[in-house]
Amino acid sequence: AQSVSQHNHHVILSEAASLELGCNYSYGGTVNLFWYVQYPGQHLQLLLKYFSGDPLVKGIKGFEAEFIKSKFSFNLRKPSVQWSDTAEYFCAVNLSGGGNKLTFGTGTQLKVEL
Amino acid sequence: DTGVSQDPRHKITKRGQNVTFRCDPISEHNRLYWYRQTLGQGPEFLTYFQNEAQLEKSRLLSDRFSAERPKGSFSTLEIQRTEQGDSAMYLCASSYRLAGGYNEQFFGPGTRLTVL
């Protein structure tokens, strides 16, 4: 069965620091990859997605992620975080042609301090 | 607000009672998903519908759980004889399925269930 691992459960950064959140998945087939974000008191929202093509994808709010197939990784990055980025971030994968159900990682709680 | 809505937002029940949750997807979305999220975990897939047909169920969905989407619009998730282990956030999501493509799943606010 496919699984998703997020290595950092809690991250605390100061404003303007750079961010990288790790995500690895275990599945040898063709996958679609996603990062979702949940701001305090809000719904899960899609941050960015990768289906095919350029492995460096850009999302909303200055986030980007790089798909490295050989490492089964899809790490999330942001060059300079803001206090408003405080949220929980989830990596997710779905199998191409697999009915679109998502398999999520356990999430990373990011706190950005002023 | 045209997003996914869920009702109720919170439910407290005693062990052994039955509970039912409702999800209203975004209008015209033909796929509807149920997920469960427990503390410290990401959402876990439970089941999904395309229109009124339930196409897949997770092994997490024991026989105490049943989901319906009778007219291909709103959906209900019922849990019979609730157990304390059922305490979780139950999330609903919807998407519009186009042949050969993936469409973003839009999530609702969830129903938080507490079983005493």
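Any chance you could check the Cα centroid distance between the range A:33-89 and the range B:51-116 for me, in angstrom? Going from one Cα centre to the other spans 25 Å.
In terms of distances greater than 28 angstrom between alpha carbons, the cross-link table entries A:K49/A:K111; A:K78/B:K11; B:K14/B:K57; A:K61/A:K101; A:K69/A:K101 yield A:K78/B:K11. Label positions at B:Q84 and A:E20, each projected 7 Å from the Cα along the C-beta direction, are separated by 4.3 nm. Sorted on the mean count of surrounding Cβ atoms within 10 Å across their residues, most packed first, peptides A:11-20, B:104-113, A:80-89 read B:104-113, A:80-89, A:11-20. Available extension along the chain between A:S80 and A:S5 is 24.6 nm, counting 0.36 nm per residue and deducting the alpha carbon span.
Heavy-atom accessible area buried between chains A and B is around 1600 Å² (1.4 Å probe, both sides summed). Within the accessible surface of chain B, defined with a 1.4 Å probe on protein heavy atoms only, the carbon and sulfur portion equals 44 percent.
Taking 20 °C and 1.002 mPa s as conditions, chain B diffuses translationally at an estimated 151 µm²/s according to Stokes-Einstein applied to its Kirkwood radius (Cα pairs). The residues packed around B:L77, meaning those with a beta-carbon under 9 Å from its beta-carbon, carry a net charge of -1 if Lys and Arg are +1 and Asp and Glu are -1. Here the contact order of chain A, divided by its residue count and restricted to Cα pairs under 8 Å and six or more residues apart, works out to 37 percent. Sequence neighbours fewer than 8 away in the same chain don't count; with that in mind, list the aspartates and glutamates whose C-alpha is under 17 Å from A:K58. Leaving aside aspartates and glutamates fewer than 8 places away in the same chain, those within reach of A:K58 are A:E20, A:E66, A:D85, B:E104.
The values are calculated or read from the model by the stated rules, or taken from the named source; none is laboratory data. Only a predicted model underlies this, so the values are computations on that prediction, with no experimental measurement involved. Cβ sites come from the backbone with ideal geometry, for glycine too, and all protein chains shown count toward neighbours. To get the accessible areas, we keep the full protein, side chains included, count just its heavy atoms, and leave off ligands, DNA and RNA. Shrake-Rupley method; radii C 1.70, N 1.55, O 1.52, S 1.80 Å.
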